Structure formats: C-alpha cells, structure tokens
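Working notes for the structure below.
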Amino acid sequence: MKRWWVLGCMILLGVTSNAQLDRWWTHYHYRGNPDLEQKSIWFEANADLSSNRISNTITGQIRSGGKISLAQTAYLSQRDPAGVTRLGGGVEGGMWYRSYGSSRLHWHVGAGMTDRLYGSMRTGLAQLVLTGNGVYEDQTLSLGPSWFRYLSAQYIGGGVDLETDGLILGVLGKVIKASRWHEVDIESGSFYTAPYGTSLEADLTGSQFYTSSDQSKLSAWYGTGGSLSFFMINRPAPGKMLVSAQVQDLGFIHFGGGKKQDVLVDTIFTGLDATTLLESGAQLNAQGLDSIEALLNLKSTATSRAVFYPGNLQLDMIKPLGEKFSLAFQVRQAFVAIPPKVRLGLRISAGEWLGLEPYFIAGGLSRIHTGFTASIHPGSRLQLMIAYGLIESQIAPNSSTTQTLNLRLNVLL
C-alpha cells in the first residue's frame, strides 16, 4: 500500500532545535562569566534521532537499508497497539553574528538550515510497518490517529537586542525558504488478521499534503515563510542565578503549490483467485478503476496552504555552586503536540580551560536520555562545546531510543 511506503521512507530520513541565544547561558554555565561584552560569532551544528519506543538498533537497521530482525522487534508485540509511539530526527546548522559597541542596541545577522522529521503514531501502526501482520493473528492493530511532518528549509535572519543594567531583551526574525514539506495525517484506522490468515480487514481514513521533490534541496523553493523569536535574559552578579526565557520561531510557511491526497479504505480481503481477478478487469475498467490509487479511493488535488513553522518555548536557569560546579536546568515545550522536555546538567570545572558536564534529559520525543558535554575554552575569546549523546546507542542499542550530537563554537571578536 502506498501509505506504508510513504511512512517507511519518512522513517528512513530520521533535530532538536537550539536557540541562537543559548550563547549567554552556555557562556555562564561552562565558564562562570555572565557577560559577553564583545562582538561575537556563534556557530552550531546538531543531529539527533529520538523515540520513546523504537530502539536505536531498529532505527539503525532501517537507515542502513538492512533487513529488520524479528528478534530485535519482538518487544514491540508486547506493547499496547493503542498506545502512542513518537519519533523525530534530522540535522540542523546555523551561524549568527552579534555586534557590540557603545550603544545599548546590538544587531544580529545569521543564516542556517534545518532538515527534520517529527511525528506521533499509534503503536499498532509501528508494529504493522516494522514487523508485518503475521505475528498479530486474531488481533486488531490500531492505526490512528497518527501524524507525521517532514520539513527541509533554509533561512536568513536578523534582529536586535537591548541591553540594560539588569536585562537583555531581544527579537530575531527569519525569512524562510522551504525546499521540502510532507505531512501525513491518519485520522482513524485499524487492521485485523483472522486466524490462519483466512481474511484481512482494514479501514483507514486520512490525508497527506506534499511538495515536489524533483529539484535538489538547495535549489528548490516550494514555500516561503517567516518567523519571530523573542528572548529575555537577566544579567546576574557573579555567582547568582541566570534566567533566560525564549519564544523560538513563532511563524509559518506558505506553499503556493502542492499535492493533497485523501484516502478512504474499508475492505475485507478473503483471498483472491487469479482467474477471477483477471476476469474482473473489464468490469473494473468500465467503472474507471484502472489504477491502484482508484482501488484504494485515493483522490489527488493540487492545492496551496500555510503551515506553522516548528517552534517552541524555552526556559533556562543556571545556578553556580561555588567555583567548581554549576547546575543547568532547562524546560522546553514545542508548539506541536509533543510532551515537554526537561534537561538537567551539572558542570564540573576541570581547570581554567575545561568544563565537563554529565546531563540528563526526560520527555519530548524520547523517554530518558543521558549524555556528556565538554566545553573547551583556551583563552578569553574562544569556547568550543561538544555535547555527546551517543553513549547509550553504543553501549545498549537494543534498549536505548535516542542519539544526539551537538557542536557549538562561540568566538569573541
């Protein structure tokens, strides 16, 4: 069925968006300095793949094109088909420049890209796609409601911040060029296999909207949009708590031309006789059912629409604990229907030029995830951060569900 093929391709594509203004709290958390009293350039590159149910072993087999092992997916059959399985992943990168001078106003310019998939589906849909229906004899798998979104876009942006004695207030704007968009919504559906495979029953109601994929992502321009980000950061005295609040990427993208496809399937398959199937060809053609899409009641129309850009709300709190330690707490809530994510990290000073941080993440697209950050800052003008979240995927790939890698570079000019 075309629906399953589309879903499988989307899983193969398998980022957590980080704000450009994270430079303030990372500088304070890892270095203990609350001020950036110079011009600066901020680079960031991020990649991640997260789920609350699908293990790193399974996602690795899918991405490499290898055969999915039944032994590795056996645990999925023990899950409630009506439960929710979330997944998301992709890559993201950007570069931003901030000016500094005698004025209290400082200007920002930047550019970047994002290539990201995220979604939520009934666990029964994941079971059907990854394991087939053979192991679910005399069982009904719930397929909906389920949804997926895939976006590939590039942007340029600018903004300004106002620096006062106690606060930094700012706004950033982006002009967005979208090169890919694919949304899949399964409103309702189920799948049933009768004992001994004597019949299959399926019903499915849903739709998808997608742009063309004929051109390369860099040259394609199928949608245009914009977003605004707002931020507020207090300027604490050394040793006091820093608080940062942000509204990230509140905006939309408009697609002037795309393809919308509705699907309605309500069928009972009781076996097909080859002779009967061939003989029915004339009757099917007479009714205009001369394609697989028509048999599945797929109806395609050209249309346009606007979609929300995937933004979120973020709150950070940094509390120094003496000269050697610093505690970082972060909570993030996406605008789409994804649970909030909480991050807790403890920085340990290993010298004047090195900070080490084990961190813990819960919620969001995954369950619980741990990682390790190293901040290298030789001298006063350079800070390199590496957040390594691949430990679990390497040590226990069968049980872990998340992998992340984040690189940040802050250069004071």
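Could you give the length gained by full extension between Met241 and Tyr388, i.e. 0.36 nm per residue of separation minus their alpha carbon distance, to one decimal place?
Values: separation 147, 0.36 × 147 = 52.92 nm, distance 2.57 nm.
Difference between extended and current length: 50.3 nm.
Taking the Cβ of Tyr136 as the center, what net charge do the other residues with Cβ under 14 Å away carry, scoring Lys and Arg +1 and Asp and Glu -1?
Details: positive: Arg79, Arg122; negative: Asp80, Glu137, Asp138, Glu201.
After counting each charged neighbour, the total is -2.
How big is D for the range 61-103, in µm² s⁻¹ as a whole number, if Stokes-Einstein is applied with the Kirkwood radius of its Cα pairs at 37 °C and 0.692 mPa s?
On the way: Rh = 15.7 Å.
D = 210 µm²/s.
In nm, give the distance between the simple-model label positions of Asp262 and Lys324, each being 7 Å from the Cα along the Cα-to-Cβ direction.
Each label point lies 7 Å from its Cα, and together they span 6.7 nm.
Arranged from highest to lowest average of other beta-carbon atoms within 10 Å per residue, in what order do the peptides 125-137, 43-55 appear? Present the calculation step by step, with values, prior to reporting the outcome.
Values: 125-137: 17.9, 43-55: 21.1.
Output ranking for 125-137, 43-55: 43-55, 125-137.
Please give the net charge around Leu384, taking every other residue with its beta carbon less than 13 angstrom from that of Leu384, where Lys and Arg add +1 and Asp and Glu add -1. Working shown, then result.
Numbers: positive: Arg23, Arg31, Arg381, Arg408; negative: Glu44.
Around Leu384, the charge tally is +3.
With a sphere of radius 14 Å drawn around the Cβ of Asp80, what net charge do the other residues whose Cβ falls strictly inside it have (Lys, Arg +1; Asp, Glu -1)? Each step should come with its number before you reach the end.
Details: positive: Arg53, Arg79, Arg122; negative: none.
After counting each charged neighbour, the total is +3.
Roughly speaking, what is the stretch gain from Ala111 to Asn234, that is 0.36 nm per residue apart minus the C-alpha to C-alpha distance, in nm to one decimal?
41.7 nm
For Ser207 and Phe360, what is the calculated FRET efficiency with R₀ set at 35 Å and r taken between the beta-carbons, to the nearest 0.05?
Numbers: r = 39 Å, r/R0 = 1.11.
Efficiency, rounded to the nearest 0.05: 0.35.
Could you work out how far apart the two model spin labels at Thr140 and Val171 are, taking each label as a point 7 Å from the Cα in the direction of the beta carbon, and quote it in nm?
Going by the 7 Å Cα→Cβ label model, 5.2 nm.
Just the Kirkwood number for the chain, please: inverse of mean 1/r across all distinct Cα pairs, in Å, one decimal. Working shown, then result.
Values: mean 1/r = 0.0424 Å⁻¹.
Taking every pair of different Cα atoms in the chain, averaging 1/r and inverting gives 23.6 Å.
Computed from the coordinates by the stated procedures, all read-outs in this text should not be read as laboratory data. Owing to the predicted nature of the structure, the values given are computational and were not obtained by experimental measurement. Heads up, the Cβs are rebuilt from the backbone with ideal geometry, glycines too, and the neighbour counts pull from every protein chain shown.
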